[in-house]
Amino acid sequence: MVFFAAPRGDCGSKQGCDGARAKITSVDNRTVRLAKRLLPKKGRDRSGLYLLEGPKLLSEALACDAEIPFAFFCEETPGGVSRHEAPARLAERACDAGADVFWATERVFRCMADTETPQGVLAAVKRPVCDAAGFFSRPGAGVLVLDRVQDPRNVGSLIRTADAAGFGVMAIAGTGDPYAPRAVRAAAGALFRTPVLFVRDADAAVVLLTAAGKRVAVADARGGTSCYASDLARDVALVIGNEGGGPSRAFTAAASLVVRVPMPGGAESLNAAAAAAVLLFESVRQRAAAK
């Protein structure tokens, strides 16, 4: 994995901390070009970095001690409103944490942003490296398995819910990139706290889960046992399959449980993120009841 450091001296950060704020006015600035390369997955994979947008996400990243090589702040927020005191304080926090801090014109900032209405704060974050030993180090912890879930907003929402429920996340190849901008926004800070283990395929995942003593529970809206009558309290690996194709055969073959969310209404199925939320918090309820 290649890590591209932000080039110091290119309208560098310490000026942002000390008050003599250099303003980046060119889209050809080296760090601006680096930020733009993080928008497609190829650039994120090569660099080991991903982008976040907005003051809340940056504040959470700093609170979680995420490694932030550089951050951009817009000289003016969209609509021409001058920046206020809060971004300046956030810039100081980022600088104190070791980030290179840059101030950019609105035109330059927009060329890096993924959103239609940017909030004037953008930062690069180093993607954490998670191995199997660390991932399975918590006794009894549950695992949410994303089996080729493709929609980045679903991926982000699933990671956010897993974080809230205390589950780790395993992402099977073919799953949407959790570090894509839309997924990062949907995860709402969960990526700073929740380990994500990437696995090459379902067969390899089954081997890892079995070795760690996890029981594979496949979510299936068309059959299986009600989640309220299933044992989901401890050491469960809950598999959420592809939105259109369902779970991989390797998971269904290895499953000790096939679970469904009872739906007495007229809907045939739930959104992947909604179904996972019900199942994850049924697991949380069962664990609390067993204490």
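The table below lists the values:
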| item | result |
| --- | --- |
| Close pairs (8 angstrom Cβ cut-off, 6 or more residues apart or separate chains): over 14 Å from VAL239 (Cβ atoms) and touching a residue at least 40 places away in the same chain (Cβ under 8 Å) in the stretch 169-193, of a type in the set (Gly, Ala, Ser) and assigned to a loop (DSSP other than H, G, I, E, B) anywhere | ARG185/GLY54; PHE192/ALA66 |
| Index of the failed condition, ALA66 passing every other in (1) assigned to a helix (DSSP H, G or I); (2) more than 19 Å from ASN29 (Cα to Cα); (3) touching a residue at least 12 places away in the same chain (Cβ under 8 Å) | (1) |
| Checklist (1) of a type outside the set (D, E, K, R); (2) part of a helix (DSSP H, G or I); (3) touching a strand residue (DSSP E or B) at 6+ places or on another chain (Cβ under 9 Å); (4) under 30 Å from GLU67 (Cα atoms) applied to PHE251, failing item | (4) |
| Filtered residues of the stretch 174-229 (kept if in contact with a Ser or Thr (Cβ under 6 Å, 6 or more places away or on another chain), in a strand (DSSP E or B) and surrounded by fewer than 23 Cβ atoms within 10 Å (Cβ to Cβ)) | ARG215 |
| The listed residue being in a helix (DSSP H, G or I), among the β-branched types (Val, Ile, Thr) and either under 11 Å from ALA219 (Cβ atoms) or in the same structural domain as ARG153 (by TED's automatic domain parsing) (or both), out of VAL259, VAL284 | VAL284 |
| Qualifying position, being under 21 Å from ARG185 (Cα atoms) and either modelled with pLDDT under 95 or part of a helix (DSSP H, G or I) (or both), among LEU52, LEU57 | LEU57 |
| Per-region count, the stretch 114-165, residues under 18 Å from ASP177 (Cβ atoms) and in a loop (DSSP other than H, G, I, E, B) | 11 |
| Residue within the stretch 116-128 that is farther than 28 Å from ALA171 by Cα, loosely packed, with under 14 Cβ neighbours inside 10 Å and either aliphatic (A, V, I, L, M) or more than 23 Å from the chain's Cα centre (by Cα) (or both) present | no |
| So GLY166, is it of a type outside the set (Ser, Thr, Tyr), on the phi > 0 side of the Ramachandran plot and either under 16 Å from the mean Cα position of the chain (by Cα) or surrounded by 21 or more Cβ atoms within 10 Å (Cβ to Cβ) (or both) | yes |
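The values are calculated or read from the model by the stated rules, or taken from the named source; none is laboratory data. In this text the structure is predicted, and so the values were computed from the model without any measurement. Note that we place each Cβ from the backbone using ideal geometry, even for glycine, and neighbour counts take in every protein chain shown.
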